[in-house]
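FYI, it's all coordinate maths here, none of it is from the lab. These figures come from a predicted structure and were not determined experimentally. No Cβ is skipped: glycine too gets one built from the backbone with ideal geometry, and neighbour counts run over all protein chains shown.
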Amino acid sequence: MKTHLLLLLFLPFFSIAQKKDYPSLAAINWTGEGAAVKKNPLWVKSIAPIALGLTSALVYSPAIKTDIQNWVLEPFNGYHTTLDDYIQYAPIIEMYAFDALKVPARNSVWNQTKYLVMAELTTAGIVHLMKNTFKIKRPDGSAHTSFPSGHTGQAFVTSQVLFNEYYQTRPLLGISGYLFSGATGALRVINNRHWVPDVLMGAGIAILMTNIIYHFEPLKDWNPWHKNPNIQASFIPQIQNDTYGFNLKVAF
């Protein structure tokens, strides 16, 4: 059921590739130049994540966060799902699908991947350091690793990378990842795995670290493929009855 749901979410993005001219549509910009975009000041891009962090701190008193938790959980009456374990990665699938369809992006696939990995590693490092430092008990009592939320951090890294890649070239595609990261954070609370301030802090850390990396663009010119900059690739999703897969071709 979960597989069918994820496929349903992404079929509109893949449907373009089913046209007869899909090979040209699916040529990936692996290492070339990206679209020209305007770089905003870092302080402007830091306002939202810092606000999320401050809000998390303000509502973290035991009384306040417990009241918020009870208010959120009451209408769901013990509802539980594992969907948040999967949709946290959805913006990554979106990004590479848009690349396959030649949607103009800020960076090539190579640089996108570099910045994604950097943002993932820095965010995960900070989140796990804070978990082991604060040792806050989860609302369901299962462990003392509640603060901040790792799932939410992961989800917002991917959605912020997607945003930075596409918000100036295709705004709607750029913000689409927040649908999945926001849902991931909400489900962490609904599943009673995290307090609301855990989710706010996880999102704030992820957005801030991703924006810092995109602002300074470390290792931007590092390209082990420089001897062959014209690498081309095609990605073709395949769906037949209950079998799902893809055809990936890379030409050097």
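Lysine pairs in the range 38-226 with Cα distance under 26 Å, only those 8 or more apart or on different chains: how many are there? So the count works out to 16. From least to most packed, judged by other beta carbons within 10 angstrom and beginning with the fewest, S149, S46 follow the order S46, S149.
Counting other Cβ atoms within 10 Å as a rough exposure proxy, the listed residues D99, D85 run D85, D99 from fewest neighbours to most.
Does the range 161-210 classify as rounded, prolate or oblate by the C-alpha gyration tensor (a ≥ b ≥ c root eigenvalues; a/c under 1.5 gives rounded; else a/b over b/c gives prolate, otherwise oblate)? In terms of gyration-tensor shape, oblate.
Relative contact order of the range 38-226: 35 percent, from C-alpha pairs under 8 Å at least 6 residues apart in sequence. Overall, the anisotropy analysis places the range 23-77 in the oblate class: the square-rooted eigenvalues a ≥ b ≥ c of its C-alpha gyration tensor yield a/c not less than 1.5, with a/b not exceeding b/c. The mean sequence distance of close C-alpha pairs (under 8 Å, at least 6 residues apart), as a share of the length of the range 135-176, puts its relative contact order at 22 percent. The residues H80, H128, H194, when put in order of fewest to most other Cβ atoms within 10 Å, stand as H80, H128, H194.
Take the convex hull of the alpha carbons in the range 38-226; its mean projected area over all directions comes to 11.4 nm². Dipole magnitude for the range 38-226: about 340 debye, using +1 per Lys or Arg Cβ and -1 per Asp or Glu Cβ, origin at the Cα centre.
The stretch between L83 and K135 holds 16.2 nm of extra length on full extension. This uses 0.36 nm per residue minus the Cα-Cα distance.
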